[in-house]
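**Student:** What follows is a structure written as structure tokens; I'll ask about it next.
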């Protein structure tokens, strides 16, 4: 005898319960890393095989993917194309990737307790069936809670230290260290923008120079401090409603909260917004779309690559002009 299907009210209540449970559990991995429970683990798919001689590159760019990702090696074809174009555009830069939604850099489909569930979710997301949206939603919600942990005043400092450590660990695989020249530029897509912003201060302590952030439609809170931030270049499209979530959801981004770190940074020119035109957050018409074109004939992804490359080159110029003194010390409340 088959059991009756639950009604709509029951499904909504169950979904709400699961969402709240995911939120309650979100900080546990960060606290566990802070307590030393996980040792020195890393994601095997994050490029560790590239360890070698110290780099002499002009700069070092770290890509932090959007909340749709499950590991430090993006599976999305549009992101792979974006990174390929960026490497062609910046041939004398080292470009690496990290999984920003885990301070241990462990893939969701890697050695985790719920790895089978995440593998199933990824399988649903990459399928052509109707359940694809369910798998994508599960992954997005899980990673969105990690963005919230990074923005949280209680757990954020721990998350930021963990993010800085996994970025530094990935940079070590290409021979980069505090004694090496060149800027560190963090390109954060969507929720990766918040993770990049939070990692600046601990990275600046490690490398004795500021870190630069390029936000690609980033959903970001006001930073807790301006320490270690060289500049934040916020790339946004006019049709990107997701990027506007941060400006609404986080009070430190509200224009009339003039004392927040974000608004002080805007007033000082540390935060700069660049309009990329009529782009959406993702998919067709999004930042990484290789089909849609502007009036000048450039595809959307080419325009995005141009803007990211320009911000990276500006970081290299700033570091050469001002040296490591560009790392700000900011003791004002945010």
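**Student:** Ranking 295, 97 by Cβ neighbours within 10 Å, fewest first, what do you get? List each step's numbers first, then the result.
**Tutor:** Working: 295 6, 97 23.
Listing 295, 97 from fewest to most nearby Cβ atoms yields 295, 97.
**Student:** For the range 158-290, what are Rg and Dmax over the alpha carbons, in angstrom?
**Tutor:** Both quantities, over Cα of the range 158-290: 15.0, 44 Å.
**Student:** Need one number: the % of Cα-Cα pairs in the range 249-307 sitting beyond the 12 Å mark.
**Tutor:** When all Cα pairs of the range 249-307 are counted, 69 percent exceed 12 Å.
No lab work stands behind these numbers, since they all come straight from the coordinates. Predicted model only: the values in this text are computed from it and were never measured. Every residue, glycine as well, gets a Cβ built from its backbone with ideal geometry; the counts of neighbours run over all protein chains shown.
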